[in-house]
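Please read the structure below before turning to the comments.
The values are calculated or read from the model by the stated rules, or taken from the named source; none is laboratory data. Since the model is a prediction, treat every value here as computed from it, not as a measurement. So basically every Cβ, Gly included, is an ideal-geometry build from the backbone, and we count neighbours across all protein chains shown. Protein only, heavy atoms only, side chains kept; ligands, DNA and RNA dropped before computing areas. Shrake-Rupley method; radii C 1.70, N 1.55, O 1.52, S 1.80 Å.
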Amino acid sequence: MLLGPVFQTEMVSNGRRGRYFLLRVLFATGLLLCLWGCYEGASGYAAGGQLSINQAARLASGFFVAFAWLTLLMAMVITPAIAAGAIATERERRTIEYLFATDLSNAEIVLSKLCGKLLLVGKLLLVALPVLAIFRLLGGIPGNLLVVYFAGLASTVTLLTVGSMCVSVWSPRARDAIIRVYLLEAVVFIVPGILNVWLAGLRMAGGGWWTGSLTNAIGAVLDFAVRINPLWVMGAQISGGGGLGVGTGNAAVWQMVGWHLGLSVLLAAIAIMAVRRVHLRSISASDKTDRKGWGWELPRFRPHLGERPMLWKELFARTAATKLGFLGRVCIAILLIVVIGISVFVYVMLVDRRFGGSRNLGEEYLGLTSTVTAMLGVGITILMGLRAAGLVTYEKERDCWLSLLSTPLSGAEIISAKAMGNLYAFRWMLAPIALVWFLQLTLSPLFVIAIPLHLLALGITGLFATAVGLAYSMKFETSLKSIGATMGTLFFVGGGYLLCCCTPMMVASGGGDDIFQLAMILCIPFLQAVPGLVVLVGDFGNDEPWMVIDFVLGMAAYGVATGVILSILINRFEEFAGRSGIPESGLQPHGPPPTIHPPQPTATPQ
């Protein structure tokens, strides 16, 4: 029986977890706020506050576009966090051996967990149907458009769930599995869009026979990537063709659904065949083979242990490193090649245009610099939060936390070492950003003023993500709970509030600039992109003073929040960790030292 005891256990355990109920409530609340904002905005333009039939239909169409994008993005963000730890968590807790010791086959284990995760994500998406049914009564949303959209959404969720399960089979930890899946999502769903823009520029630039061969080869790969990309296909379906048209792009959506289902079956078969073999090979491999890996390790600087062992462990120990594996390293290599390649290509094109009379190359290249800085900065911030969310829970799950608490290390030493180690782990990801900044400097020497501000924004937001991840990692017992809470917090605080709260308010108030400027204070992509724009375009804030004010207020807000979270973790560490306090001197016990009495001489008999 494929859906046997493992599936029943998944259903019972998922039904008892309060975080999934909270997630459904938050999702439904966000959709209701979006609905309210669209209705208030349309009512404000209606004569006498009454909507005509055409206005009601246009209102329903506009809400469906916002609803479709919000639901699709939420599914792409939440699904990996729910499904990527299905097998990795069992391996991390060393409970997968008990499953292998039973009569359950590989198919029963994998498919039962897969169906459990699919039902969990499906119940979350079904929360949106009652909200959509309210606006469906107003008309303006074709019935076949709803069928096609939800078919594409279901196939996307299925592919993401199966792909996350497949990645989870090869991941020793849930934290590593989730990071690998998000990197894979960036390569499959975001990189093709960037390459399409670059390919169009390459074709416009012309060139020799090698340029045509290169564009044809890349174009063939991008064509397949676009066919399975829900962001492109669903975007053309729900908002392309000048609005919501009946049957617009239906063939492309059904073709995408077919590719998704075919890939899902293939990935599920791979996971079923490999789940037992991969685990047995990992536990039987020697320690030397495990360290050697694929031979892709970057050089490591390891000084002597010194007087701060906890800091040394977080900075230089192999056990503290994030295991990206072959897939994660390939994804990072592709991202770096794409970013560096496009940056150098655009730079060469602009420099060649200098002989054609281009006046300000620095401002033309600034758009690419700001985009790359914001995209990579946001990615680094998210990865920092994900890694920090498993720093403590991983030691709890590996039964190392009690050993750490039995040492004389104080809470300040442990928390500060983990925070600094998390920042140090992402030092290599600054290389592509530094290259883009160097190219910008050659065109605009004034950009040197913006570099410290960019580093400040990246450092403060990264430290905030680290503090949030550490706080949840101290609170929860498992990495999945901590990672889910961290992702939700960073998504909402770092810019998700614009979709859930601020956008409906701007629509309801007519889209005033004051609300928009106020809403951008905590938006992390804006804060990481604005320094260069202010320095080179805004004339140090004289033309756009609100950008400077928002940047200063945003940095201050994130800095204060980071300081408060870290100070609470340090000052209340003994309470959160559940151990009695230790004195500052380390090994000295509480209270006065015991009094030692010398032995009394005994009288000898005469």
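Before moving on, here are some points about what is shown:
- From the options Pro531, Pro594, residue that is at pLDDT 85 or above and not hydrophobic (A, V, I, L, M, F, W, C): Pro531
- Any chance Phe150 is free of Cβ contacts under 8 Å to residues at least 40 places away in the same chain and either open to solvent by 10 Å² or more (accessible area, probe 1.4 Å) or of a type in the set (Lys, Arg) (or both): yes
- Helices (runs of 4 or more DSSP H) enclosed by the stretch 52-135 - at least 1 residues per element that are over 27 Å from the mean Cα position of the chain (by Cα): 53-83, 96-100, 106-126
- Positions within the stretch 391-406 being modelled with pLDDT of 85 or more and crowded, with 19+ Cβ neighbours inside 10 Å, in sequence order: Leu391, Val392, Thr393
- Checked against (1) open to solvent by 10 Å² or more (accessible area, probe 1.4 Å); (2) among the aliphatic types (A, V, I, L, M); (3) in contact (Cβ under 8 Å) with a residue 60 or more places away in the chain, Val448 passes all but condition (3).
Residue-by-condition table, conditions (1) at pLDDT 85 or above; (2) over 30 Å from Leu404 (Cβ atoms); (3) among the basic types (Lys, Arg); (4) surrounded by fewer than 19 Cβ atoms within 10 Å (Cβ to Cβ):
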site: Cys501; (1), (2), (3), (4): no, yes, no, yes
site: Gly510; (1), (2), (3), (4): no, yes, no, yes
site: Gly554; (1), (2), (3), (4): yes, yes, no, no
site: Gly559; (1), (2), (3), (4): yes, no, no, yes
site: Ile570; (1), (2), (3), (4): yes, no, no, yes
site: Gln600; (1), (2), (3), (4): no, yes, no, yes
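- Some residue of the stretch 109-131 being open to solvent by 30 Å² or more (accessible area, probe 1.4 Å), at pLDDT 85 or above and not hydrophobic (A, V, I, L, M, F, W, C): yes
- Of the residues making up the stretch 377-393, those that are out of contact with any Gly (no Cβ under 9 Å at 6 or more places or on another chain) and within 11 Å of Ala529 (Cβ to Cβ) number 0.
- Flag if Ile87 is within 20 Å of Ile382 (Cβ to Cβ) and surrounded by 22 or more Cβ atoms within 10 Å (Cβ to Cβ): no
- Pairing each residue of the stretch 256-277 that is open to solvent by less than 20 Å² (accessible area, probe 1.4 Å) with any residue that is part of a helix (DSSP H, G or I) and of a type in the set (S, T, N, Q), provided the two are 6+ apart or on different chains, yields C-beta distances under 6 Å for Val257/Ser155; His260/Ser155; Ser264/Thr158; Val275/Asn106.
- For the stretch 11-24, filtering for residues that are within 17 Å of Phe67 (Cβ to Cβ) and either open to solvent by less than 40 Å² (accessible area, probe 1.4 Å) or among the hydrophobic types (A, V, I, L, M, F, W, C) (or both) leaves 0.
- Selected residue (criterion: most open to solvent (accessible area, probe 1.4 Å)) from residues of the stretch 475-484 that are in a helix (DSSP H, G or I) and closer than 9 Å to Gly390 by Cα: Leu480
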